[in-house]
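Only the coordinates and a few stated rules stand behind these numbers; no lab work does. A quick note: this is a predicted structure, and the numbers were derived from the prediction, not measured. Cβ placement follows ideal geometry from the backbone for every residue including glycine, while neighbour counts extend to all protein chains displayed.
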Amino acid sequence: MFSNYWLAVSILAVVAVLSVRTGKLTATAGLTGFIVGLLIFAGAGFTGVTMLAVFFLLGTIATSWGMRKKQRLGLAENDKGQRKAGQVIANAGVAAILGLLAITLPDLMIFCRIMMAASFASAAADTLSSELGVLYGKKFYNIITFKKDTRGLDGVVSFEGTMLGVLGSICIALVFSISLGFSIQFFLIVIAGTVGNLVDSVLGATVERKHHFNNNAVNFLNTAIAALAGLCLMLLTNIS
């Protein structure tokens, strides 16, 4: 266990440094990611770290994918998608809190781990549906009114983007299941991640458009809601 801890510390430190050096993260974001990664490892071991890595990899690829077209459409992120500390906390902060909770209350560890997976599933779904949906979506609708709306605006969804989001949730559920075994938990994680992603769009169409919340706050909320959805689904299916 002690050797696993130092291996995790080494891996997280190397990834943080490389991410900063390659411009994927700011220096502050790199340090924040390292601390968040340690908390996730403490609560879910290498399964948690792998889910974090897969989310980060999916997000990096999706953000860079079709960058020229996004720039032409005015939909590219600032700083070429370089992540700041606030974005790290927004996407992985809930997972870090659950990691801390898992080691504080070990009897609830399985609940915390599935909730953690659900939060990552939502974060991955949101990133893929947002970054790739604007490229491959055919028709775009306001999630509240279901009327046609402008591509790229907060709360605007497409069928293609939503399905890409489901694929993101499936990727996280696969990582969890490969490590801890395939069961109904796989489907619970995918469902909870999809719920979180849809809630993100609802929040985008309402409080974010009205500038009550910024994007980081909305992302934190969608991962938290996905975690709670995962908990509710576990209780409904009597997972213990």
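To the nearest ten degrees, helix 27-64 and the longest principal axis of the Cα atoms of the chain are 20 degrees apart.
Counting only the Cα atoms, the range 1-80 fills a convex hull of 82 Å³ per residue. Extension gain for residue 148-residue 210 works out to 20.4 nm (0.36 nm per residue, less the C-alpha to C-alpha distance).
Computed from Cα atoms, the angle from the helix 215-236 axis to the main principal axis of the chain rounds to 60 degrees.
Within the chain, the longest run free of exposed loop sites, counting chymotrypsin sites (Phe, Trp or Tyr not before Pro) that sit outside DSSP helix and strand states (H, G, I, E, B) and have at most 12 other Cβ atoms within 10 Å, spans 1-145. To the nearest Å, what is the center-to-center distance of the range 198-220 and the range 93-152, using C-alpha atoms only? The range 198-220 and the range 93-152 have Cα centres separated by 13 Å.
Could you tell me which of the pairs 84/148; 84/139; 24/139; 70/148; 24/148 are separated by over 29 angstrom between their Cα atoms in the structure shown?
Over 29 Å apart, Cα to Cα: 84/148; 84/139; 24/139; 24/148.
Ordering 15, 59, 152 by the projection of their Cα atoms onto the charge dipole of the chain, which places +1 on the Cβ of Lys and Arg and -1 on the Cβ of Asp and Glu, puts 152 at the extreme positive end. Specify the angular offset, from 0 to 90 degrees and rounded to the nearest 10, of the alpha carbon long axis of helix 184-203 from the longest principal axis of the alpha carbons in the chain. Relative to the chain, helix 184-203 is tipped by roughly 40 degrees.
The slack in the chain from residue 179 to residue 28, taken as 0.36 nm per residue of separation less the alpha-carbon distance, amounts to 51.3 nm.
The Kirkwood hydrodynamic radius of the range 2-236, based on inverse pair distances between different Cα atoms, is 17.6 Å.
Sites count as exposed loop sites when they are trypsin sites (Lys or Arg not before Pro), lie in a DSSP loop, and have at most 13 other Cβ atoms within 10 angstrom; the longest stretch of the chain without one is 1-137.
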